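Chemist: Provided herewith is a single structure, encoded as structure tokens, for subsequent inquiry.
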Amino acid sequence: MIYLMRHGRTSYNIEGRFLGQTNIPLCKQGIKEIEKIASEFPPLFFKKIYSSEYIRAVETAEIIASNSQLEVIKSRRLIERNLGILDGKKNKNPEIIKNLSDFNFIPLGGESVRSCITRFSDEINNIATNSEGNVLVVSHGGIINLYMKYIINSKSGRNFLDNGAFHVIESVGGSIRLR
């Protein structure tokens, strides 16, 4: 099983800002929330732990890894979508939020849906192919949402995860499906 987890809470999340490739750490509240989540997993529950290279994801993964002495494997292909000029801006416009999951929308100076899904999906497939047992992948809300919508074809309204929440997916016969 692959536990696809969104990183813990940051100051931008609390302030309602778009958070793409700005590399900020977890806030104190986020650290406490992830420590609580980590305590709910038994030691050695995960066989491997992967993380985006961004500090908020690495901190999340390392807090959970501390329970099992596993090394966090960092991957650039798991980073959040480049939101261009939207990054760091207050998230007040519902139309922009809707547009971000539209396959044809590219924020000015940002990354296309196709580009970020391709790199993320390739990495998830690589992890699924090269891992056995329970694997944790810590990444970001936007890219996980796009992956679930377009690759898993999930129609669930819960594709966009709260901080510290996760989807459980599995690889069956070479394809990934929601568990």
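The values are calculated or read from the model by the stated rules, or taken from the named source; none is laboratory data. Please read these numbers as outputs of a predicted model, since none were measured by experiment. Heads up, the Cβs are rebuilt from the backbone with ideal geometry, glycines too, and the neighbour counts pull from every protein chain shown.
Chemist: If I ask for residues that are touching a Leu at 6+ places or on another chain (Cβ under 8 Å) and in a helix (DSSP H, G or I), which ones from region 12-54 would you list?
Modeler: If the condition is that a residue be touching a Leu at 6+ places or on another chain (Cβ under 8 Å) and in a helix (DSSP H, G or I), then TYR12, ASN13, ILE34 are the ones that fit.
Chemist: Identify, by number, the condition in (1) part of a helix (DSSP H, G or I); (2) more than 10 Å from the chain's Cα centre (by Cα); (3) crowded, with 19+ Cβ neighbours inside 10 Å that ASN145 doesn't meet.
Modeler: (2)
Chemist: Being within 30 Å of GLY174 (Cα to Cα), touching a Lys or Arg at 6+ places or on another chain (Cβ under 6 Å) and among the basic types (Lys, Arg), is that true of even one residue in region 70-80?
Modeler: For region 70-80, residues within 30 Å of GLY174 (Cα to Cα), touching a Lys or Arg at 6+ places or on another chain (Cβ under 6 Å) and among the basic types (Lys, Arg): present.
Chemist: Restricting to region 1-29, name every residue that is over 22 Å from ARG76 (Cα atoms) and in contact (Cβ under 8 Å) with a residue 40 or more places away in the chain.
Modeler: GLU15, GLY16, ARG17
Chemist: Within region 73-96, how many residues turn out to be under 15 Å from the mean Cα position of the chain (by Cα) and either more than 27 Å from GLY110 (Cβ to Cβ) or part of a helix (DSSP H, G or I) (or both)?
Modeler: Residues in region 73-96 being under 15 Å from the mean Cα position of the chain (by Cα) and either more than 27 Å from GLY110 (Cβ to Cβ) or part of a helix (DSSP H, G or I) (or both): 3 in total.
Chemist: Let me ask something additional. If VAL168 satisfies all but one of (1) surrounded by fewer than 20 Cβ atoms within 10 Å (Cβ to Cβ); (2) at pLDDT 90 or above; (3) not in a strand (DSSP E or B), what's the number of the condition it fails?
Modeler: So the condition that VAL168 fails would be (3).
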